[in-house]
1. Would you check which residues across segment 103-113 are surrounded by fewer than 18 Cβ atoms within 10 Å (Cβ to Cβ), touching a residue at least 12 places away in the same chain (Cβ under 8 Å) and not aliphatic (A, V, I, L, M) and list them?
2. I'm trying to understand the selection: among the residues of segment 1-18, which are outside any helix (DSSP H, G or I) and in contact (Cβ under 8 Å) with a residue 40 or more places away in the chain?
3. For SER28, work out the one condition from (1) modelled with pLDDT of 95 or more; (2) of a type outside the set (Phe, Trp, Tyr); (3) within 28 Å of GLY95 (Cα to Cα) it doesn't fulfil.
4. Can you tell which of LEU91, LEU5, LEU78 is at pLDDT 95 or above, crowded, with 20+ Cβ neighbours inside 10 Å and under 12 Å from the mean Cα position of the chain (by Cα)?
5. Scan segment 63-82 residue by residue and report those that are over 15 Å from TRP25 (Cα atoms), in contact (Cβ under 8 Å) with a residue 40 or more places away in the chain, of a type in the set (Gly, Ala, Ser) and not in a strand (DSSP E or B).
6. Output the number of the condition that VAL147 fails; it satisfies all remaining conditions of (1) within 13 Å of the chain's Cα centre (by Cα); (2) without any contact (Cβ under 8 Å) to a residue 60 or more places away in the chain.
7. Here are the criteria: (1) of a type in the set (Lys, Arg); (2) within 19 Å of the chain's Cα centre (by Cα); (3) surrounded by fewer than 15 Cβ atoms within 10 Å (Cβ to Cβ); (4) within 21 Å of ARG104 (Cα to Cα). Tell me which single one ARG141 does not satisfy.
8. Taking segment 19-62 only, how many residues are among the hydrophobic types (A, V, I, L, M, F, W, C), over 21 Å from ASP77 (Cα atoms) and in a loop (DSSP other than H, G, I, E, B)?
Amino acid sequence: MAMTLLTGGARSGKSALAARLGEAWSGSVAFVATAEALDDEMRERIARHRRSRPASWTTIEEPVALAEAVKAVPPGDLVIADCLTLWVSNLFERGCGPTEIEERAAVAARVAGERSGPTVVITNEVGSGIVPGDPSTRGYRDALGAVNMLFARAARRAFIVVAGRAVPLPGDEEVFGDVLDG
């Protein structure tokens, strides 16, 4: 099997799309949640997400050790990891710099990409807007962009989700195939 990356804006339908796959999957599903309940709004959001998932799914709440959480799931199970956006934020909050974040992401992307069972990784595309006005927000945007690229390279398929619709993102071979063929 292989990893699929779903990226897009906030509330674009990424998680709903992954949930539909999970509901259609005939085997076991493990949902790796990276969100932390740091305020009332986030606590309610997390509770709503928990209620929306089927009781048969295993939920692993892991804000930092993403590679380890994915690796702990039995090989044939479907993994839905939601989301890299909060995972990178959690790492920043714990004092990790861009280099450490990219190193952790490279390991997590390799683990997710090499699983024998299917893996869906969800992230946000935050680089399409204006350049943030402060250095820490620019640093976060840049780090998440680098993490997203690492996961996209490790993924067999990548899609951008807009209004609940998935648009395929071609890889280098599809973009540059005739150029690379000589």
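1. Hit for segment 103-113 is ARG110, nothing else.
2. MET1, ALA2, MET3, THR4, LEU5, LEU6, THR7, GLY8, GLY9, ALA10, SER12, GLY13
3. (3)
4. Testing whether each residue is at pLDDT 95 or above, crowded, with 20+ Cβ neighbours inside 10 Å and under 12 Å from the mean Cα position of the chain (by Cα) leaves just LEU5.
5. Result: ALA67, single match.
6. In the conditions (1) within 13 Å of the chain's Cα centre (by Cα); (2) without any contact (Cβ under 8 Å) to a residue 60 or more places away in the chain, VAL147 misses (2) alone.
7. (3)
8. 3
The values are calculated or read from the model by the stated rules, or taken from the named source; none is laboratory data. What you are looking at is a predicted structure, and each value in this text was computed from that prediction instead of being measured. Note that we place each Cβ from the backbone using ideal geometry, even for glycine, and neighbour counts take in every protein chain shown.
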